[in-house]
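Report on one structure; see the data block that follows.
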Amino acid sequence: MKNKVVILSSGHLPKDERIFSKIGFSLNANGYAVVICTSTEELHTNQESILFDCFNGEKLTKRKKINKFYSHLSSHSPDVIISSEPLPILAAHQFKKRINSSCKIISDITEWYPENVAFKYRGLKKWISFFVLYLFNIYASNLADGLMIGEEGKRKRYDLIAPFKKKEIVSYFPRLEFFPYSSIHSIKDELNLGFTGIFNKSRGFYKILSTIETLEKKLPHVKLRLILVGKFMTRTEEELFSSWSLAHPKIEIDFSSWLPYDLLQSKLNRVELFLDLRELNFIFENSLPIKIFEYLALGKPVIYSNAASLKKFFGNISFGKLVDPTNDDEIKSAIEFYLLNPDERERQGLLGRKLVEEKYQWKFCETRLLHFLEGIKS
């Protein structure tokens, strides 16, 4: 009989790339029976031999949500539970305590940490929230049998708060079959710029728009095209972008909302240069952006904010430029460099692709994932 793994999430959609296309895919391909259970959407189906048994918990209290997760775990009786956030770990712990004491619980630490929630507030509420969530994170982490951590930079905290737990780095790298190399077919005085993610101020989206606006004035003979994949968080932000688009009819905009993981490359292979000018706040300074590895896999150079996380991870980069997101002249100069040097775009894109092939693709993460699960089970 196959070992059964149930993947829980209270924050991600059922077909989130890490849950479904990476962890779920790899476990299923290597002999595990996989069930995905999230509280973000009602979904009951089977895809690629992975069972989705998900519910919409938007209106549920935390207690009722935990009970719902527990009920689903009881019906599937897993051997291993992987949780993407601390909250479902409480349900996993109940299941282990009441029904299957040999079940192993793994906390998959990628995006959730107290700052993500607490730092949305201001003043005293911010720090009270941080303190409470930090204590909860300590508690939940120590209920798990092991911790999968998305990047080395986040391990230090968990070595401190859960020093005796088994840990493994299982990173965010792309599945190369979904991100084939696509060469850059440059046309003189044209440039396709790309951005994916959340369209808001902290992600640097409006900095990108203002930079393009300045370039349009400075280089009126150049055809600028903006290829976007992602979503707006508020109606106001969407309306601001709509107004900006109408005010700049010469800039061609190719917009798509979120796309399935396996379809991203079909939209992004036309991009010649990716931009990400996110603000250098605490979270971005200490977290690797997942998208950069996908851009490199496609063979496209990048202009990124010079976050400490990127400088520490890559050192001196050969596949793009790191810039100060507050320095407009530096950003414009970087874009103009790639506009005037199409051969350099091609060369740096190839260097990025080579790096991904040699170091930063999912198959290396899969090996770590499988080794870690076997170690936890033994």
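Couple of notes before you dig in:
- Filtered by the rule that a residue be among the hydrophobic types (A, V, I, L, M, F, W, C), farther than 24 Å from residue 362 by Cβ and out of contact with any Ser or Thr (no Cβ under 8 Å at 6 or more places or on another chain), the stretch 244-274 gives 244, 246, 247, 255, 273.
- Sole exception among (1) closer than 27 Å to residue 362 by Cβ; (2) surrounded by fewer than 21 Cβ atoms within 10 Å (Cβ to Cβ) for residue 297, by number: (2)
- Among all positions in the stretch 178-185, there is at least one residue which is without any contact (Cβ under 8 Å) to a residue 40 or more places away in the chain and over 19 Å from residue 258 (Cα atoms).
- Residues of the stretch 67-88 satisfying the condition of being free of Cβ contacts under 8 Å to residues at least 60 places away in the same chain and either over 25 Å from residue 166 (Cα atoms) or within 25 Å of the chain's Cα centre (by Cα) (or both): 67, 68, 71, 74, 75, 86
- Take the conditions (1) within 29 Å of residue 20 (Cα to Cα); (2) polar (S, T, N, Q); (3) out of contact with any strand residue (DSSP E or B) (no Cβ under 6 Å at 6 or more places or on another chain); residue 256 misses just one of them, which is (3).
- Given (1) modelled with pLDDT under 90; (2) touching a helix residue (DSSP H, G or I) at 6+ places or on another chain (Cβ under 7 Å); (3) farther than 23 Å from residue 14 by Cα, number of the condition residue 240 does not satisfy: (2)
- Residue count for the stretch 246-279 satisfying the condition of being among the acidic types (Asp, Glu) and part of a loop (DSSP other than H, G, I, E, B): 2.
- Tally of residues being in a loop (DSSP other than H, G, I, E, B) and not hydroxyl-bearing (Ser, Thr, Tyr) across the stretch 280-310: 12
- Checking each residue of the stretch 320-340 against the condition of being of a type in the set (Gly, Ala, Ser) and over 22 Å from the mean Cα position of the chain (by Cα) gives at least one match.
- Filter result for the condition that a residue is assigned to a helix (DSSP H, G or I) and within 25 Å of residue 305 (Cα to Cα), over 184, 227, 208: 208
- Whichever residue in the stretch 306-348 is among the hydroxyl-bearing types (Ser, Thr, Tyr) and either in contact with a helix residue (DSSP H, G or I) (Cβ under 7 Å, 6 or more places away or on another chain) or modelled with pLDDT under 90 (or both) and, among such residues, is nearest to residue 180 (Cα to Cα): 318
- Single residue of the stretch 172-189 satisfying the filter (surrounded by 15 or more Cβ atoms within 10 Å (Cβ to Cβ) and in contact with a Leu (Cβ under 8 Å, 6 or more places away or on another chain)) that is nearest to residue 145 (Cα to Cα): 172
- Taking (1) surrounded by fewer than 16 Cβ atoms within 10 Å (Cβ to Cβ); (2) under 24 Å from residue 330 (Cα atoms); (3) at pLDDT 90 or above in turn, residue 303 satisfies each apart from (1).
- Scanning the stretch 171-179 finds no residues that are polar (S, T, N, Q) and not in a loop (DSSP other than H, G, I, E, B).
- Verdict on residue 347 being more than 23 Å from residue 153 (Cβ to Cβ), in a helix (DSSP H, G or I) and in contact with a Leu (Cβ under 8 Å, 6 or more places away or on another chain): no
- Restricting attention to the stretch 311-330, the residues that are touching a strand residue (DSSP E or B) at 6+ places or on another chain (Cβ under 6 Å) and either assigned to a loop (DSSP other than H, G, I, E, B) or closer than 18 Å to residue 287 by Cβ (or both) total 2.
- Residue within the stretch 187-194 that is modelled with pLDDT of 90 or more, among the basic types (Lys, Arg) and either under 22 Å from residue 272 (Cβ atoms) or assigned by TED's automatic domain parsing to the domain that holds residue 276 (or both) present: no
- In the condition set (1) in a helix (DSSP H, G or I); (2) exposed (fewer than 15 other Cβ atoms within 10 Å of the Cβ); (3) without any contact (Cβ under 8 Å) to a residue 40 or more places away in the chain, residue 116 is compliant with all but (3).
The values are calculated or read from the model by the stated rules, or taken from the named source; none is laboratory data. Since the structure is predicted, the reported quantities are computational estimates derived from the model, not experimental observations. Virtual Cβ from ideal backbone geometry, glycine too; neighbours counted across all protein chains shown.
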